[in-house]
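Before any comments, here is the structure.
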Amino acid sequence: MRLHRSRRQTGDPARAARTRRRTGILAAVGALVAAVAIGSTAGAQAATSEGLLCQQDAHQTFSLTARTGYVSTPDGNSIYMWGYGMSSGRFQLPGPVLCVTSGQPVTVILHNELPEATSILFPGQRGVKANGNPAQPQFDGPGVTGSMTSMVQPAAADGGSVTYTFTAGSPGTYLYSSGTDVTKQQQMGLYGALVVRPAGAAGQVNDRADSAFSPQHEYVFLLSEIDPEVHLAVERSQPVDWSAYNARYYLINGRSMPDTLAPNNASWLPSQPYGALVHIKPWDAATNPLPAVIRYLNAGRVSYPFHPHGSDERVVNKDGHALQGTSSTAPQDLSYLKYDIDVMPGQTVDALMDWRDVEHWNATTNPIPTQLPAITDQLLVGADTWFSESPYLGTQGTYPANITVNNECGEYYHVAHSHALQQATNYGAAFGGMMTVFRIDPPAGCPTS
Ligand SMILES: [Cu+2]
């Protein structure tokens with residue numbers, strides 16, 4: 001395994017030591033403990049340290065700057081990236097999650113500090129203009145006789161800017177990303193999520209009432225990948241050998257497992273502000289009637305088959321459109337339950353998730369607590385492990401000596417990850433990469449969270 005260490009990393013021994021300590025399986029265990037610790041801090045903090053962090057503005061006007069920077073990977077690597085950040089802020093990966101209202105005007109001003117021209121594509125938005133002109137491909141010759149230099153008007157290298165305006169499209173989730181030298185610039189990190197909310201119904205994914213979700217349980221999973229050789233070549237101004245492309249890191253919201261479990265704005269991940277820990281409670285008609293929503297986006301080059309363990313999710317939107325029939329009066333609900341959420345390059349998938357708890361086994365009061373899935377839905381590993389679509393966790397056995405409890409308050413943890421298992425690694429080392437954890441608290445919540 002070959003690691004590229006930049007001056008930025010080797011120049012800071014304390015940071016290098018921290019990253020070394022975070023290596024391997026122990027790191028995953030440690031991060032899980034850290035996730036528990038997050039839950040045991042003040043509730044107000046938990047509300048801001050987990051889940052979607054929206055960038056909002058009363059005038060729906062955002063000023064972004066394309067910059068260079070570095071991201072950390074759990075194996076101690078430090079990778080040169082390009083990314084969109086708030087102009088008032090700093091480099092970040094991915095770009096800010098922009099939250100807007102459907103049908104309302106939006107302005108995005110792009111400042112470019114990169115050494116080459118760059119731009120932003122806004123697929124699915126209406127009437128996109130660049131500096132007041134219709135957004136359109138750019139060619140290096142007259143008309144369309146030359147080569148296309150950009151899919152949309154760019155901001156010039158080293159200080160240029162361009163202003164994009166549009167009307168926010170139908171409610172849902174959209175990728176925004178570079179339209180200039182797309183293969184290279186998107187690999188370098190120029191992408192982010194745009195969340196379009198229904199007008200007057202911000203608590204719904206789309207205009208359908210049955211797409212309502214719990215606003216405290218809203219998550220974005222922006223999936224992408226990194227070939228560090230490409231990034232090293234760009235950093236050194238060397239040509240990129242795309243024929244040798246080989247992704248080594250797989251990311252959710254710009255982080256790889258176990259960093260995906262760290263809170264939003266974790267101090268040790270200054271360029272990667274977004275966590276990916278899902279923290280929910282079981283569905284309950286009286287106290288927790290609304291599902292969580294997970295907004296999946298693929299900013300990478302291949303399909304990512306993502307799935308949580310223990311429960312299906314209900315797919316309600318794709319590419320910013322509700323899954324429904326064509327009737328203008330009562331469109332048929334075409335949402336569907338799915339275990340594996342396949343997210344194609346450039347695609348977005350919005351899924352609702354209810355956790356339907358089942359009572360634990362008890363010899364006297366609940367001897368047969370749950371209907372186990374058909375054997376054909378189970379994958380048996382050895383004698384005691386199965387992967388199924390059931391949230392049933394089996395019986396509580398005897399703990400080892402000196403162990404009195406194996407979680408904080410009776411909560412469950414299930415991993416969720418890309419099922420293309422090479423995408424669940426950090427430079428080939430399992431488990432890592434495109435992986436996170438769903439935490440399900442007991443119905444009454446954790447006393448300390
Ligand atoms: Cu799995």
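Points worth noting:
- Of all residues making up region 250-302, the number that are among the basic types (Lys, Arg) and open to solvent by 10 Å² or more (accessible area, probe 1.4 Å): 2
- All conditions in (1) on the phi < 0 side of the Ramachandran plot; (2) surrounded by 13 or more Cβ atoms within 10 Å (Cβ to Cβ); (3) not polar (S, T, N, Q) hold for GLY141, with the sole exception of (2).
- Exclusive hit being surrounded by 22 or more Cβ atoms within 10 Å (Cβ to Cβ) and either assigned to a strand (DSSP E or B) or at pLDDT below 95 (or both), set LEU93, LEU110: LEU110
- Given (1) at pLDDT below 95; (2) in a loop (DSSP other than H, G, I, E, B); (3) under 28 Å from GLN92 (Cβ atoms), number of the condition THR149 does not satisfy: (2)
- If the condition is being in contact with a Ser or Thr (Cβ under 8 Å, 6 or more places away or on another chain), in a strand (DSSP E or B) and under 22 Å from HIS111 (Cβ atoms), then region 127-141 contributes VAL128, LYS129, ALA130, GLN138.
- Enumeration of residues in region 262-318 that are among the charged types (D, E, K, R) and either within 16 Å of the ligand (Cβ to nearest atom) or not in a loop (DSSP other than H, G, I, E, B) (or both): ASP284, ARG295, ASP312, GLU313, ARG314, LYS318
- Condition check for GLY132: surrounded by fewer than 16 Cβ atoms within 10 Å (Cβ to Cβ) and either free of Cβ contacts under 8 Å to residues at least 60 places away in the same chain or farther than 21 Å from ASP207 by Cα (or both): yes
The values are calculated or read from the model by the stated rules, or taken from the named source; none is laboratory data. Small disclaimer: the values here were computed from a predicted structure and weren't measured. All Cβ positions, glycine included, derive from the backbone under ideal geometry; neighbour counts span all protein chains shown. In case anyone asks, the SASA skips ligands and DNA or RNA and just uses the protein heavy atoms, side chains included. Shrake-Rupley method; radii C 1.70, N 1.55, O 1.52, S 1.80 Å.
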